[in-house]
Amino acid sequence: MNTNIAIFTNDKITLRPLTFDDKHWVLALQQDPLWLRYIGSKNVDTVDDACDYIGKTNAQREEWGYGLLAVELTETKQPLGVCGLFNRFAFECPDLGFAMLPEARGKGICYEACQCVIAWSASKGYRFLTAMTHPENMASQKLLQRLGFNKQGFYFDKTFPKQHLFRLELQP
């Protein structure tokens, strides 16, 4: 698979597969205090761990046909964060996930990236998407509601703490 191909691009942002060249900012993102507080450690503590994470992420995208993508500024190729879909194995449709580096937060970039992923999901025929947030992550909850997701209650899983569960209908 060619990981240099943009999945989506416009004048502002590009969504593309992660590459091993992303290892330093992926490590920084996963060590960010908000990531650790709201998402939790994924045991990405070194550059080698970041490479392993990137490899697993790309393998999942190959297997499922969707996955986590790098979000970058189109003009400068500056990394901004990640956005994409996950298979939680609990639902018949994928789960939207996202995280931005501190310098990209509050600028509408995550909203735009999520809109791209949602439009792609609808074009592939998914009936709905889910999303989950830490109960204290108000910024992500507001973003999901702005995107049209509705809060469904809580989701419990032994691999992470209680989460707010959201759902977005894509097909009538």
Kindly establish whether G40 is in a strand (DSSP E or B) and either crowded, with 19+ Cβ neighbours inside 10 Å or in contact (Cβ under 8 Å) with a residue 24 or more places away in the chain (or both). no
Could you count how many residues in the range 93-108 are open to solvent by less than 50 Å² (accessible area, probe 1.4 Å) and either of a type in the set (V, I, T) or not in a strand (DSSP E or B) (or both)? 5
Taking the stated definitions as given, is S121 surrounded by 12 or more Cβ atoms within 10 Å (Cβ to Cβ), modelled with pLDDT of 90 or more, closer than 15 Å to I39 by Cβ and under 17 Å from the mean Cα position of the chain (by Cα)? no
May I ask you to say which residue of L165, L80, L144 is part of a helix (DSSP H, G or I), of a type outside the set (D, E, K, R) and surrounded by 12 or more Cβ atoms within 10 Å (Cβ to Cβ)? L144
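Conditions tested, residue by residue: (1) acidic (D, E); (2) touching a residue at least 12 places away in the same chain (Cβ under 8 Å); (3) more than 20 Å from L36 (Cβ to Cβ); (4) in contact with a Pro (Cβ under 9 Å, 6 or more places away or on another chain).
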site: D52; (1), (2), (3), (4): yes, no, no, no
site: E63; (1), (2), (3), (4): yes, no, yes, no
site: I109; (1), (2), (3), (4): no, yes, yes, no
site: R167; (1), (2), (3), (4): no, yes, yes, no
Among A90, A113, A59, which is the only one that is open to solvent by less than 10 Å² (accessible area, probe 1.4 Å) and either farther than 14 Å from F8 by Cβ or in contact with a Cys (Cβ under 6 Å, 6 or more places away or on another chain) (or both)? A113
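The values are calculated or read from the model by the stated rules, or taken from the named source; none is laboratory data. Every value quoted in this text rests on a predicted model; they were computed, and no experiment measured them. In this analysis, Cβ positions are derived from the backbone assuming ideal geometry, glycine residues included, and neighbour counts consider all displayed protein chains. Heavy atoms of the whole protein, side chains included, go into the accessibility calculation; ligands, DNA and RNA do not. Shrake-Rupley method; radii C 1.70, N 1.55, O 1.52, S 1.80 Å.
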